[in-house]
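**Q** Shown below is the structure under consideration.
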Amino acid sequence: MDFVSPPKKPLVVSQLSADILSQRQQAVQSKSIMDGDGLTWKLKVIQHQKPHEHDPKKLVWVLIMSLHCTAGVEDLINTGTLNKSEDSRLISLLGLGEEPVSFCVKPRKVEAEEEDDMLRQARQVLPGYIESVAGKSLLELKRAVICRLIEKRCHFGHGHLTRPEQS
């Protein structure tokens, strides 16, 4: 088979709509949300299609929104999540030079048969989702995540626990 020109990449149905979608996602994901304790959260948005539950010939638009925060031990101390004197054991188990702790609020998912309907629903859900973090103290959530992380490390041998030396 002799080709006059090399094969072309698959063509996106509408390159303009793909560019607009990409710009919209970047604008939404560049937002920073500050919680009441002083940590900065980022919004992540994922949009895709999946087969319809009841009709395999149809597709459903899905949009998943999630709020994430990553903080090191120093950030947790500075924002009051951990107290240097009262939580010295937790701090030593986390380790000052270790990787930061990642926090996430339960993601919100929006589904619709039409892309416009999905976006309309997302615009209604998003402000309430952001308000669940913005300006609110999430100390209980953060401390629970820290304790689960330490427990996981200790169970799987990644902890900093050592036995005291026997004299």
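A short reminder: the numbers here are calculations on the coordinates, not readings from a lab. Values in this document were obtained by computation on a predicted structure and should not be read as measured data. Glycine also receives a Cβ, built like all others from the backbone with ideal geometry; neighbour counts cover every protein chain displayed.
**Q** Within 10 Å, count the other beta carbons around each residue, average over each peptide in 123-132, 36-45, 62-71, and list them highest first.
**A** Working: 123-132: 13.1, 36-45: 16.4, 62-71: 18.3.
Ranked by mean Cβ neighbours within 10 Å, highest first: 62-71, 36-45, 123-132.
**Q** Name the long-range amide H neighbours of PHE103: under 5 Å, sequence gap of 5 or more, or other chain; modelled H, no Pro or chain starts.
**A** Amide H neighbours of PHE103: CYS69, THR70, ALA71.
**Q** Structure shown: which of LYS31/LYS136; LYS58/LYS106; LYS42/LYS109; LYS44/LYS136 lie over 25 Å apart, alpha-carbon to alpha-carbon? Don't jump to the answer; show the numbers that get you there.
**A** Working: LYS31/LYS136 17 Å; LYS58/LYS106 28 Å; LYS42/LYS109 17 Å; LYS44/LYS136 19 Å.
Among LYS31/LYS136; LYS58/LYS106; LYS42/LYS109; LYS44/LYS136, the Cα-Cα distance tops 25 Å for LYS58/LYS106.
**Q** So what are the ³J(HN,Hα) numbers for the range 72-81, from phi and the Karplus equation (6.51, -1.76, 1.60; θ = phi - 60°), rounded to whole Hz, Gly and Pro as x?
**A** x, 4, 4, 4, 5, 6, 5, 8, x, 5
**Q** For the range 33-155, what is Rg from Cα atoms divided by 2.2 N^0.38 Å, rounded to two decimals? Provide the component values of the computation, followed by the final result.
**A** Working: Rg = 18.5 Å, N = 123, 2.2 N^0.38 = 13.7 Å.
Rg over 2.2 N^0.38 Å, computed on Cα atoms: 1.35.
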